[in-house]
Amino acid sequence: MNETAVQTSREKVIVRTSIIGIVANVFLAAFKAVIGFLSNSIAITLDAVNNISDAASSLITIVGAKLAAKEPDKEHPFGYGRIEYMSAIIISVIVFYAGVTSLIESVKQILQPETPDYSTLSLIIVAVAVVVKIFLGRYVKNVGEQVNSDALVNSGEDAKLDSVISASTLVAAGIFLTLQISLEAWLGAIISLVIIKAGIDMLRETLSKILGERNDVELAKSIRKTITAFPGVRGAYDLVLHNYGPDSWQGSIHIEVPDTYGANQLDKMLREIMVEVMQKHNVLLTAIGVYSFNTRDEEISRLEKKIREIVFSHQYVRQIHGFYLTKETKNIRFDLVISFDAPNRQAVFQEVVAHIQAEFPTYELQVVMDTDFSEE
């Protein structure tokens, strides 16, 4: 199945799941609105409003999925996949707003309480709504995780929160019917705070993805494993991945190959690597840089081993790569990866370079401080 077909199939799954969410929430909202009005229950009425906001969230998810599936064009050559993140942000804001609104109404009810009037039928319908919301939330979230849709995952989490709200209404009703104490406004306020926090957490998670998170550790490991399986590739480094929407990745990497490889041999290998990575990991490598390593001089191999021992005698050094020594020009070049855990990465880098320079005073060092973008 080609990439376009996969994207189309994913879009259909998101739309179908969202439509199920819309239908379920509209029916629940209608029942709860009637019950809330007849029983004079602020909690049930707010619950109905929350179901309408859920239906709106599902509609936004559909629109986002449709727009994200648009083909790349001149203005947006990397496609429209990131629109899905915008959909997730809007849903997060809706959840947050619903929590704030619910909190305001709950506080009003605390200050000016009204006596609720529960009926057996209303409580049965609310109980059914709890069950429906639990299954709906679990279903939507699971589908969202399967197709990697933040908007669906957020909608599923919101539905699960709704089931908690409805359940709290039943608890409040039970307390009122047995003890004649009305606590639903207080429970509403507590649940409102939970909803507000959930909205903030959803928003923070999605914004983090838009800002650009570190490489997915497992994905980075599997890509490097695929590349280093090619004959002649000693190592794969400097992997940088850019996300242009769920399941839409592009990246670049450096590979280490013998200094005996010619341009034609390298060209053939690089093309094969690009195809293999795309087929196995659905990542388009837009650039593959090349490091060469010495293969013709045993003395250089001994010098490299000594330099590696010096490098790893220093704390916070994660990696050395791209090593090449030229005897004729007395030149040594390599990259050093310094951990983000270091209190001062630049200071560690300078300390290591100074140590090597002291051991090899007659050599010119060309050292670059590098970053591991998938550092755990």
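The values are calculated or read from the model by the stated rules, or taken from the named source; none is laboratory data. Predicted model, so just to flag it, every value in this text is computed and none were measured. Please note: Cβ atoms are built from the backbone with ideal geometry, for glycine as well, and neighbour counts cover all protein chains shown.
For the structure I just gave you, tell me whether Met269 is surrounded by 14 or more Cβ atoms within 10 Å (Cβ to Cβ), of a type outside the set (Lys, Arg), over 28 Å from Leu325 (Cα atoms) and not assigned by TED's automatic domain parsing to the domain that holds Asp150. In short, no.
Rundown of residues vs (1) within 19 Å of Thr61 (Cα to Cα); (2) hydrophobic (A, V, I, L, M, F, W, C); (3) part of a helix (DSSP H, G or I), yes/no style:
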position	(1), (2), (3)
Gly156	yes, no, yes
Ser166	no, no, yes
Ala189	no, yes, yes
Ser192	no, no, yes
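The criterion of being under 25 Å from Val217 (Cβ atoms), in contact with an Asp or Glu (Cβ under 6 Å, 6 or more places away or on another chain) and not charged (D, E, K, R) holds for Gly322. Taking the criterion of being of a type outside the set (Ser, Thr, Tyr), outside any helix (DSSP H, G or I) and in contact (Cβ under 8 Å) with a residue 40 or more places away in the chain, the residues of the stretch 293-336 that qualify are Phe293, His314, Arg318, Gln319, His321, Gly322, Asp335. Only a single criterion out of (1) assigned to a loop (DSSP other than H, G, I, E, B); (2) β-branched (Val, Ile, Thr); (3) surrounded by 13 or more Cβ atoms within 10 Å (Cβ to Cβ) is not satisfied by Thr362, namely (3).
Residues of the stretch 241-249 include none that is among the hydroxyl-bearing types (Ser, Thr, Tyr), at pLDDT 85 or above and either under 30 Å from Ile94 (Cβ atoms) or loosely packed, with under 15 Cβ neighbours inside 10 Å (or both). Taking first residues from the stretch 18-29 that are assigned by TED's automatic domain parsing to the domain that holds Val132 and part of a helix (DSSP H, G or I) and partners that are among the aliphatic types (A, V, I, L, M) and surrounded by fewer than 18 Cβ atoms within 10 Å (Cβ to Cβ), the Cβ contacts under 6 Å between residues at least 6 apart in sequence or on separate chains come to Ala29/Ile52. Select from the stretch 65-86 the residues that are at pLDDT 80 or above and within 14 Å of Val153 (Cβ to Cβ) and list them in ascending order. The answer is Tyr85, and nothing else. Of the residues making up the stretch 216-238, those that are under 18 Å from the mean Cα position of the chain (by Cα) and either in a strand (DSSP E or B) or hydrophobic (A, V, I, L, M, F, W, C) (or both) number 3. Looking at Val143, Val171, Val132, which one is within 34 Å of the chain's Cα centre (by Cα), more than 15 Å from Ala48 (Cα to Cα) and of a type in the set (Val, Ile, Thr)? Among Val143, Val171, Val132, only Val143 is within 34 Å of the chain's Cα centre (by Cα), more than 15 Å from Ala48 (Cα to Cα) and of a type in the set (Val, Ile, Thr).
Report, by residue number, each residue of the stretch 49-84 that is under 18 Å from Phe27 (Cβ atoms), surrounded by fewer than 18 Cβ atoms within 10 Å (Cβ to Cβ) and of a type outside the set (Val, Ile, Thr). Scanning the stretch 49-84 gives Ala56, Leu59.
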